[in-house]
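**Student:** Dropping the structure in here first, questions after.
The values are calculated or read from the model by the stated rules, or taken from the named source; none is laboratory data. Values in this document were obtained by computation on a predicted structure and should not be read as measured data. With ideal geometry, Cβ positions are generated from the backbone for all residues, glycine too; neighbour counts draw on all protein chains shown. We work out accessible area using only protein heavy atoms, side chains counted, and drop any ligands, DNA or RNA first. Shrake-Rupley method; radii C 1.70, N 1.55, O 1.52, S 1.80 Å.
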Amino acid sequence: GISDLITSVPLGSRDGPLLVPRVKVNLPNTKMAAARCAVQKFGVLQALYRPLAATTASRACPHKPHGEFFEYINVKKAGERRNVGLIELNRPKALNALCDGLMSEVHTAVQDFEADGDIGCIVLTGAGEKAFAAGADIKEMSGRSFQEVYAQNFPTNWSRMSESSKPIIAAVNGFALGGGCELAMMCDIIYAGEKARFGQPEITLGIIPGAGGTQRLVRAVGKSVAMEMVLTGNPITAQQALQAGLVSKVFPPDQVVGEAIKTAEKIAGLSKLVVAM
């Protein structure tokens, strides 16, 4: 049948997964005609899918095409040897809320640093001292159906942060709530400012932590503390997070990023092969 003649190859894109048909050659004329018909159908599906995904993503925070400047983050090389990649979430008026465009840019920046042989470690922080990230962009998500979120492969786009072969240090000042806390937990090390607050307040909106919070938080702080945070929505302080094992060090707010860069420099100076393991 036609399923024996065509295989669908999923390719990632900012608008979600695409199905690209791959047709085998040297087929009988009748089967080749059927294959061409199927290819046309795949093209129609792609044409219908792309506008839906693009419209959904552009409601509050549109994606930026590859090759253009970053709109929602600041990126540079840091450290005396310029061997640390620094990513700063830059939506301070929205408390660095994690919209699709921002997360897409973070993913692109991490990929760029992954491909840069001079970079041995990455530091992720938020602009200003009020918030590392106050969570996902609720305004952007509120108008979406489950089908739209699922079609865009939402969880996968977030979890790519944890797949980096180069260590990532989160330098957290202010609020790290909901998706912001989950984003910090995707990093390998968390440094916190003295005024930092960590929490999973999704229950107050009638939802659950959807980007790994129900798993990573338990591993970091234990079942009891994690259950209390998730079931009440109450945040914990930087000192409580330190005692629970969620963060490794606490600093004055104006020193967090600098200390994270110092640690990143030390890691970057060690064996990149062994560190990547």
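**Student:** In the range 263-274, which residues are surrounded by fewer than 16 Cβ atoms within 10 Å (Cβ to Cβ) and assigned to a helix (DSSP H, G or I)?
**Tutor:** Lys266, Leu273, Val274
**Student:** So in the range 59-80, with the set limited to residues that are open to solvent by 20 Å² or more (accessible area, probe 1.4 Å), modelled with pLDDT under 80 and within 18 Å of the chain's Cα centre (by Cα), which one is nearest to Glu129 (Cα to Cα)?
**Tutor:** Ala60
**Student:** Okay, next question. Across the range 202-246, what is the total count of residues that are surrounded by 13 or more Cβ atoms within 10 Å (Cβ to Cβ), in contact with an Asp or Glu (Cβ under 7 Å, 6 or more places away or on another chain) and aliphatic (A, V, I, L, M)?
**Tutor:** Total meeting the criteria: 2.
**Student:** Return a yes/no flag: does the range 133-140 have any residue that is touching a residue at least 40 places away in the same chain (Cβ under 8 Å), in contact with a Gly (Cβ under 9 Å, 6 or more places away or on another chain), assigned to a strand (DSSP E or B) and within 20 Å of Gly213 (Cα to Cα).
**Tutor:** Looking for residues that are touching a residue at least 40 places away in the same chain (Cβ under 8 Å), in contact with a Gly (Cβ under 9 Å, 6 or more places away or on another chain), assigned to a strand (DSSP E or B) and within 20 Å of Gly213 (Cα to Cα), one finds at least one in the range 133-140, hence yes.
**Student:** When Val123 is evaluated against the numbered criteria (1) surrounded by fewer than 14 Cβ atoms within 10 Å (Cβ to Cβ); (2) modelled with pLDDT of 50 or more; (3) under 22 Å from the mean Cα position of the chain (by Cα), which criterion, by number, is the only one it fails?
**Tutor:** Evaluating Val123 over (1) surrounded by fewer than 14 Cβ atoms within 10 Å (Cβ to Cβ); (2) modelled with pLDDT of 50 or more; (3) under 22 Å from the mean Cα position of the chain (by Cα) leaves (1) as the failure.
**Student:** Could I ask something else about it? Quick check, is Gly269 closer than 17 Å to Ala133 by Cα and not β-branched (Val, Ile, Thr)?
**Tutor:** Judged against the criteria, Gly269 is not a match.
**Student:** Just name the residue that is nearest to Leu177 (Cα to Cα) out of those in the range 81-102 that are part of a helix (DSSP H, G or I) and open to solvent by 10 Å² or more (accessible area, probe 1.4 Å).
**Tutor:** Residue satisfying both the conditions and the ranking: Ala94.
**Student:** Turning to a different aspect of this structure: Taking only pairs six or more apart or across chains, which ones have beta-carbon atoms under 6 Å, a first residue in the range 218-236 that is over 19 Å from Ala192 (Cβ atoms), and a second residue that is in a helix (DSSP H, G or I) and not hydroxyl-bearing (Ser, Thr, Tyr)?
**Tutor:** Every condition considered, the pairs that remain are Val218/Ala226; Gly233/Pro201; Gly233/Ile203.
**Student:** Scan the range 178-192 for residues that are surrounded by fewer than 22 Cβ atoms within 10 Å (Cβ to Cβ) and not in a helix (DSSP H, G or I) and jot them down.
**Tutor:** Result: Cys187, Asp188, Ile189.
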